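The values are calculated or read from the model by the stated rules, or taken from the named source; none is laboratory data. Keep in mind that what you see is a predicted model, and the values were worked out from it rather than measured. Virtual Cβ from ideal backbone geometry, glycine too; neighbours counted across all protein chains shown. Just the protein is used for accessible areas: all its heavy atoms, side chains included, with ligands, DNA and RNA removed. Shrake-Rupley method; radii C 1.70, N 1.55, O 1.52, S 1.80 Å.
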Protein chains: 2
Amino acid sequence: MLEKVDLSKKIEKAAYKSLISDLEVKLGELQRQARDLAIPVIIVFEGWEASGKATAMNHLILSLDPRGFNVYPVNPPTEEERFRPFLWRFWIKTPARGRMALFDKSWYRRVLVERVDKILKKKDWSKSYDEIRFFERQLAEDGNVIIKFFLHISKKEQKKRFKKLLKNPSTAWRVTKEAWRHHKQYEKYLVAAEEMLAKTDTDYAPWTLVEAQDRRFARVKIFKTVAEALENKIAEVRDLKARDKPAKSSSVHLKSLGSSILDKVDLSLSLKKTEYEKELDRYQKRLREIEHEAYTKRLPILLLYEGWDAAGKGGVIKRLTRSMDPRGYEVVPTTAPNDVEKVHHYLWRFWNKIPKAGHIAIFDRTWYGRVLVERVEGFCSEEEWKRAYREINEMEESLVNFGTVLIKFWLQIDKDEQLKRFEARQKDPHKRWKITEEDWRNREKWDEYKEAVDEMLFRTSTAYAPWTIIESNSKYYARIKVLKTVVKEVEKHL
Amino acid sequence: MLEKVDLSKKIEKAAYKSLISDLEVKLGELQRQARDLAIPVIIVFEGWEASGKATAMNHLILSLDPRGFNVYPVNPPTEEERFRPFLWRFWIKTPARGRMALFDKSWYRRVLVERVDKILKKKDWSKSYDEIRFFERQLAEDGNVIIKFFLHISKKEQKKRFKKLLKNPSTAWRVTKEAWRHHKQYEKYLVAAEEMLAKTDTDYAPWTLVEAQDRRFARVKIFKTVAEALENKIAEVRDLKARDKPAKSSSVHLKSLGSSILDKVDLSLSLKKTEYEKELDRYQKRLREIEHEAYTKRLPILLLYEGWDAAGKGGVIKRLTRSMDPRGYEVVPTTAPNDVEKVHHYLWRFWNKIPKAGHIAIFDRTWYGRVLVERVEGFCSEEEWKRAYREINEMEESLVNFGTVLIKFWLQIDKDEQLKRFEARQKDPHKRWKITEEDWRNREKWDEYKEAVDEMLFRTSTAYAPWTIIESNSKYYARIKVLKTVVKEVEKHL
């Protein structure tokens, strides 16, 4: 593929000047339209060293309003970044709606330099293709325009450019030993790049090969490609808005559900107080040890809690953390998204919070809000929550691929038990604040929520991230089962 | 001071149990009240190793609603953190209004371990006292409750605790070589701690010495101190709200202004096109070299631009960056704060954006908005903008202490020139978007803005961070003067 590219393409100076100045004006306009339509844009620059990525990018951004974009140079990951799944540092940089993010090199580092330089084992970098496709598809489906450039020059041209850079003392520094080493490995990189282009060229995030031997030609092609991609998306969004009724029926097709999982939960399970206290003490002690072992082994742990209002999530988490070292764990409560979170993909705020290796993140409610409260209350479209099952499974797969111990708890109580607890809270002046109008309103929708929970349990119980259902009518029983599950699961990984 | 502390204080178990369970309930209530009143709270835990900081902190947070606080363990700074002023990593973690931030160790690391272990030179750590006081005062004046604990145990007690920890294989890891080394240096730490307590015990951020020999006594004292501090602040805020008219007159007293600086600016200065093009080319080439030299020398550079609407900030920045490498600079535009920014100190969002060593941040408008638009439009109180001059000078001092090259530009045009440019923009279909109703409204307040600008230039021209006024009626002249100033100033530091 790359070897067949015609690198002799050129544009003469005079033609270039008039072309590019029109394109600059046009791009400025398109950026403003995209901003007004809240379209997020991601532009990736990959390509050979000295192929002109940085200069092309600088040229591109000069025609843009600086209030509307960010540039991210991608270097080898820092320690903070290595302690998290490789996509973490890119997820958190995805643009807000209406903004642009430009990446000088990108997540493709994973299957280029980290592959060729043998920083990663094959089993690790080869898994990245899936994760990258998931990542890009999720963003595209959320409305992102994704434009990916690969700037191509021949080995001979690269050598020529290196030599030219070396002649000037103020540019010589750019030709590092590493650059020469990569130059010598040109053919190996070619194989990696070919494979990357083939495996990640999708309709939602296509690659544009840029013949970069002639800088003018390259720039014009880059400008034109960006302009065209923006125009298409702008037209699409306007078209959608112009329709009388937006297309409401979902294009996501899901297999039909099995029977109710919740109906089969045995809520009569309970535990005596004496037994409870003995077990509690035992597991709490063990947890503190485990926390430390996980730290020294740099094991990332993510515990997540979902459940009915008043099912006892808070109480469970309190017992879990009582003896733990606060430097090693964090409780991450999930409330309504703030306005920065609202203008990103709904998974963005959770990616921001995933635990780093050696640490424990305890999520009190999570991304499952998408298929529970957001579904039932209509905070997102049918299309969106139906899409979410797959997105969530993919995100959890990324976490598990990285080695995260991911334990998912559903705390189940029945409707009578909930009522009893609500009423008890109302009566207790110290607990009254815990119960709100919203809790009562949610309770009225018990059946709708039940359907959503059943569907969630069915569609997101994967081999790598199964749900653990906690029978919670008995608080003692529930707390001990949670503690025991955490201890057993983490121990498997130590 | 520390040696005279009575470490024999104790609380018996029975008394403790009833005391602490009352305090737990109380603290939960106070946290909710503080949240409802939008009071931010900072709690710092300092003290000897094995003095029980982490356990005390964990106990404290168990009585709090996890949706309302964050815990920050403070370790040696990472590379990202070392590339910025030492307060950076703490500034960005300051709590939003209504939230709590708990620090296990803190910015005081600077004058404790980094002093005693000789990580810093005396001239560096000794400067930190001022910066720390500025930091805490700014936050306190913005409404933060700041509670600082120093947990004190004797050298003998520390040794006893180390030995006990060593006996248990699951805690032995906590007694590191470093811990023993620090133990041997107990007396040196004592000197450092004494000095720290003396120099940073202020009415807005007082230290509480905690006799930590007896864990129960320590916990009760910590709980009581937090409860009392919250109660006082809550009462103060309620009192303020209850008053018929809030106290409007400012308590900040400023020296009166000198004569107008703006009136003396010579706006007839200009430059011929041929001269302009020659100079432009020369300085742009030099800038690219400088950008690289600054990178290799890890010099942080912050250029900031303020000026009248249509004074040409955007054009100046475009010429500045045209030949630069986009990986080395970032244009940081300042627009209205979003809702996350609004619930923090107004300097918070700028601290988040300061350049790291080796990089160039180009601010298009800045923190000076506080004493310009926010003052004139009444977006903040008189008290607040009057206080801001000092806060800004202090922040800039922190940046300069760190070695940042800080260059501040005011782009000056006269009222006629502005009108000409506004009208030209209106006529040009490609530039019409640049001019808004707001620009015209601001123009009507020219005199008020002029007064604010003059006062700003007068009060924030410091020896370490002077203003450079750019005579901008001639765009050519202005652009070259900016480029030249940047080149000359940065060269002084290379």
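What translational diffusion coefficient, in µm²/s and rounded to a whole number, does the Stokes-Einstein relation yield for chain B at 25 °C and a viscosity of 0.890 mPa s, taking the hydrodynamic radius as the Kirkwood radius over Cα pairs? Display every interim value, and only then the final one.
On the way: Rh = 25.6 Å.
Translational diffusion coefficient: 96 µm²/s.
For the pairs B:K408/B:K492; A:K273/B:K10; A:K224/B:K285; A:K297/B:K164; A:K17/A:K148; A:K118/A:K164, note any where the Cα-Cα span goes beyond 20 Å. Numbers along the way, then the final one.
Details: B:K408/B:K492 16 Å; A:K273/B:K10 32 Å; A:K224/B:K285 28 Å; A:K297/B:K164 24 Å; A:K17/A:K148 25 Å; A:K118/A:K164 29 Å.
Result: A:K273/B:K10; A:K224/B:K285; A:K297/B:K164; A:K17/A:K148; A:K118/A:K164 exceed 20 Å.
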Say the dipole of segment A:401-492 comes from +1 at the beta carbon of Lys and Arg and -1 at that of Asp and Glu; which of A:M456, A:I469, A:W433 then lies farthest toward its positive end? A:W433
Considering only protein heavy atoms and a probe of 1.4 Å, how much of the accessible area of the protein assembly as shown is carbon and sulfur, as a whole percent? 51
Eligible lysines near A:K255 by straight Cα distance, threshold 16 Å, same-chain separation 8 or greater: A:K386
Rg (Å, one decimal) plus Dmax (Å, integer) for the alpha carbons of segment A:2-242? 18.0, 58
Measuring from a point 7 Å out along Cα→Cβ, what nm distances, shortest first, does A:N352 have to its partners in the other copies? 0.8
Net dipole in debye of chain B [+1 Lys, Arg Cβ; -1 Asp, Glu Cβ; about Cα centre; nearest 20]: 2060
Using Cα centres only, tell me the gap between segment A:355-406 and segment B:345-391 in whole Å. 37
Taking alpha-carbon centroids only, segment B:68-109 lies from segment A:178-214 a number of Å equal to 41
So what is the relative contact order of segment B:346-469, in percent, for Cα pairs below 8 Å that sit 6 or more residues apart? 33
Position B:R181, label points 7 Å along Cα→Cβ, spacing to each other copy in nm (shortest first, one decimal): 3.2
Mean Cβ neighbour count within 10 Å, used as a protection proxy, ranking A:137-149, A:442-454, A:461-473 highest first: A:137-149, A:461-473, A:442-454
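Could you size up the charge dipole of the protein assembly as shown around its Cα centre, putting +1 on the beta carbon of Lys and Arg and -1 on that of Asp and Glu, and report it in debye to the nearest 20?
On the way: 198 positive and 156 negative charges, 700 e Å.
The calculation lands at about 3360 debye.
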For the residue pair A:V487 and B:T176, what label-to-label distance in nm results when each label sits 7 Å from Cα along the Cα-to-beta-carbon direction? 2.9
Along the charge dipole of segment B:2-242, pointing to its positive end and built from +1/-1 on Cβ of Lys, Arg, Asp and Glu, which listed residue (B:P85, B:T202, B:A56) has its Cα farthest out? B:A56
Taking Cα pairs closer than 8 Å and at least 6 residues apart, the relative contact order of segment A:300-384 in percent is 46
Can you give me the relative contact order of segment B:25-130 as a percent, contacts being Cα pairs under 8 Å and 6 or more apart? 37
Give the Cα extents of the protein assembly as shown along the principal axes, in whole Å, largest first. 90, 73, 58
Compute the separation of the alpha-carbon centres of segment A:252-325 and segment B:414-482 and state it in Å as a whole number. 60
Of B:I132, A:L320, A:H493, which is farthest along the charge dipole of the protein assembly as shown in the positive direction, counting Lys and Arg as +1 and Asp and Glu as -1 at C-beta? A:H493
Would you mind working out the magnitude of the charge dipole of segment B:263-493 relative to its Cα centre, with +1 at each Lys and Arg C-beta and -1 at each Asp and Glu C-beta, to the nearest 20 Debye? 1100
